[in-house]
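Just below is one structure, and these are the notes that go with it.
Only the coordinates and a few stated rules stand behind these numbers; no lab work does. The structure displayed is predicted, hence computed values, not measured ones. All Cβ positions, glycine included, derive from the backbone under ideal geometry; neighbour counts span all protein chains shown.
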Amino acid sequence: MDYHNAKKVLEVSHLKQYFNVGKKDEVKAVDDISFDIYEGETFGLVGESGSGKTTAGRAIIHLYTPTSGSIKFHGDEVVGMKDKTKMKQFRRDMQMIFQDPYASLNPRMKVRDIIAEGIDINHLAKSKEDRDKRVAELLETVGLNRDHGSRYPHEFSGGQRQRIGIARALAVEPKFIIADEPISALDVSIQAQVVNLLKQLQKERHLTYLFIAHDLSMVKYISDRIGVLHYGRMLEVGTSDEVYNHPLHDYTRSLLSAVPIPDPEYERTRTQIGYDPKYEQGDKARKLVEIAEHHWVQASPDEIPMYQERAKKEGLKVL
Amino acid sequence: MMESNENILEVENLKINFKTYAGTVKAIRDVSFNLKKGETLAIVGESGSGKTVTTRSIMGLLANNAVVEGGTVMFHDQDVLKMTEKQLQDLRGAKIAQIFQDPMTSLDPTMRIGRQIAEPLMVHKGMSKAKAMAQALDMMKLVGITNAENRINDYPHQFSGGMRQRIVIAIALINYPEILIADEPTTALDVTIQAQILDLMRELQNKISTSIIFITHDLGVVAGMADRVAVMYAGKIVEYGTVDEIFYNPKHPYTWGLLSSMPTLETNGDELPSIPGTPPDLLDPPTGDAFAPRNSYALKIDTEKEPPFFKVSDTHYAATWLLHPDAPKVTPPVQIVARQKQFAEMQKKLAAEKLSHPVEEEEERQ
């Protein structure tokens, strides 16, 4: 992908999302993260539980009001947006697919009404026939049968429910989808189906994805670029090939070395790299620095030479 | 690993049904396998394939609506399925122990962890509380709980997920069980914590030479943990063999599908190979091979008759008609062909090393 000419869809800068602000148990779930997402790409957000990846996603889609920072969507500032029409458009343009296909569908609504809820709210359908037609088309798009609309969520398997969740997100013709662990609750043989569907939809509808997951092999596969989160901070950002093949930050290296690979030979000789958080802790001011082209690492000014050295060793073109 | 040829557990023709309001679910449909002393057997398969039910039958922990239609589970010449509740209680936690998937819910939130770890000793060995607590402390150190002396009187909620799973492992191993059943022990954990727990399990297995039945759907974990692998689908084992045979020379199309639908860190490309469709409804299992409707390699006979096990090597069997001498030759997915190449290389290397010894001919069925 050519990132020089690519259009930025989402610009997140200095986003902070704290909980219980000012109290003794203040949590800095997301602590000053900045990144951009370009049109048509998939940006993968990885990290362990508690790293703040879900909170970041929710803050971006404005399910939370960020503590501070700025989120620009197509150039418009979303934080503190007062214009109701614009806000409604934003809510329509950005949709979310949730992790748990069992908890994210209202069990008392028919699938047809679940999918059409966004259509109704946004008055997208001209008539009842139009509404039914849209729902039927959506069901077929995600690989379900058009008469599945009259059923209830409990009649479907996990993979099918996730497809319903995808159809619901697509119903309002969004431009940007946040997928928060969309396949973690699914069986291996079904995961590939859903990932393929997401990829196919991205191509057909020119969607941009923020893909949040902890399954590192799957994130690598689906993402163009990746950001590594730890303790609410972004430690490394780069193209997925580069982050995976030439990780620069100690944490990324340790995280990748822990991924189990379905290859017994590899597993027998695998050495796991321990993690010493010395380049993350302490009171040094650190920010993301572009070490190699499009490859950013969180570093303080005196740590930059070390990362440049590492990048050289990895054969990267140091800036 | 400390393996021997002594079978510690033999499961033979196990069939288990569940009576539900909708009818009889045939959850386990004729499963046989054995477990050797000191080895790790991984059972892989998707949810509903029967892996958990199989291990529950070994523990005598089947639900009330379960009916054992046939088969035996022999543990030291005794059929677990015929044991009385008293005998089962002596078995559980002493000779066969289990680690469950979710460390958040498998501990008692109202009991201090030292007491929970010591409990099996007091119950099964009649140990005094003081002595049991002392051993519990040793066990806590063994499973890597830092600052064990100060934490022995803490409650589960004061620990992180990884630490709780260490506590669960400590409870399971305190009686040095002969068999440890680990049912998705790391699924709820982060990768870095998962790696620590898996290392710990390997290390402890070497120390106390317990046999492990490892249930998981994560083939990456299997590759690192298992000596042998059994692949389950729709209540049956469809293929089993050594870990190398299953990963580098799989024969069953379901195993092919599983292995190629998992991206590795090297996978690139537009479409991930996926297994179409969903697993069959075991209320009414299809005739013939249950995997046939999802199998692009299915033959006509697959829809008519269930395939028996065909022998690939002394340790490797697969239930697919593709191995029948009359079956047409098929080319597996590219990912599998690559794996088979790797296998052939490994075999060659092995053969070269064995040259000085009497040659053991491995049957080549490609």
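Would you pull out the residues with amide H under 5 Å of A:Y275's amide H, same chain only if 5 or more places away, H placed 1.01 Å from N?
Result for A:Y275 returns nothing.
Using a cut-off of 10 Å between beta-carbons, work out the net charge of the residues near B:V191 (Lys and Arg +1, Asp and Glu -1, B:V191 not included).
Net local charge, B:V191 excluded: -3.
Other chains' Cβ within 10 Å of A:215-222 residues: what's the mean?
Taking the mean over all residues of the peptide, I get 5.
Can you list the chymotrypsin sites (Phe, Trp or Tyr not before Pro) in region A:81-173 that are in a DSSP coil and have 15 or fewer other beta carbons within 10 angstrom?
A:Y102
Residue separation times 0.36 nm, minus the C-alpha to C-alpha distance between A:A285 and A:Q89: what's the value?
Length gained between A:A285 and A:Q89: 66.8 nm.
Compare B:I174, B:I58, B:I152 in a GNM of chain B, Cα atoms joined below 10 Å, and give the one with the largest fluctuation.
Sorting by GNM fluctuation, first place goes to B:I152.
If exposed GluC sites (Glu not before Pro) are those in a DSSP loop with at most 16 other Cβ within 10 Å, what is the longest stretch of chain B that has none?
B:7-265
Quick query: amide H of B:T320 versus all other amide H atoms, modeled in the peptide plane; which residues come in under 5 Å with a sequence gap of 5 or more or a different chain?
Under 5 Å from the amide H of B:T320 lie the amide H atoms of B:F310, each far enough along the sequence or on another chain.
Along the charge dipole of chain A, pointing to its positive end and built from +1/-1 on Cβ of Lys, Arg, Asp and Glu, which listed residue (A:V194, A:Y244, A:S68) has its Cα farthest out?
Positive-end residue among those listed: A:S68.
Quick one: order A:D25, B:D108, A:D36 by neighbouring beta-carbon count within 10 Å, fewest to most.
Ordered from fewest to most neighbouring Cβ atoms within 10 Å, A:D25, B:D108, A:D36 come out as A:D25, B:D108, A:D36.
Using the alpha-carbon atoms, what tilt in degrees (0 to 90, nearest 10) does helix A:128-141 show relative to the longest principal axis of chain A?
On a 0 to 90 degree scale, this one is about 40.
Can you give the angle from 0 to 90° between the axis of helix A:111-121 and the longest principal axis of chain A, with both taken from C-alpha atoms, to the nearest 10?
So the inclination is approximately 80 degrees.
Below 29 Å, Cα to Cα, which lysines can B:K82 reach? Residues fewer than 8 away in the same chain don't count.
B:K82 reaches B:K15, B:K19, B:K26, B:K36, B:K37, B:K51, B:K95, B:K125, B:K236.
Restricting the count to DSSP beta bridges whose residues both fall in the protein assembly as shown, what percent are antiparallel, rounded to a multiple of 5?
Roughly 65 percent of the DSSP beta bridges within the protein assembly as shown come out antiparallel.
Which of B:H252, A:H62, B:H324, A:H148 has the fewest other C-beta atoms within 10 Å, and how do the rest follow up to the most?
So the ranking, lowest neighbour count to highest, is B:H324, A:H62, A:H148, B:H252.
Summing -39500 (n - 2.57) over the DSSP H runs of n ≥ 4 in the protein assembly as shown and dividing by its residue number, what mean residue ellipticity at 222 nm do you reach, to the nearest 500 deg cm²/dmol?
Computed mean residue ellipticity for the protein assembly as shown: -10000 deg cm²/dmol.
Looking only at other chains, what is the average number of their beta-carbon atoms within 10 angstrom of each beta-carbon in B:219-228?
5
To the nearest 20 debye, what is the magnitude of the charge dipole of chain B about its Cα centre, counting +1 on the Cβ of each Lys and Arg and -1 on the Cβ of each Asp and Glu?
In debye, rounded to 20, chain B gives about 980.
Comparing A:K287, A:K28, A:K84, which has the greatest mean-square fluctuation in the GNM of chain A with Cα pairs linked when under 10 Å apart?
It is A:K84.
Which residues' amide hydrogens lie under 5 Å from the amide hydrogen of A:I97, considering only partners 5 or more residues apart or on another chain, with H built in the peptide plane?
HN-HN under 5 Å from A:I97: A:I178, A:A179, A:D180.
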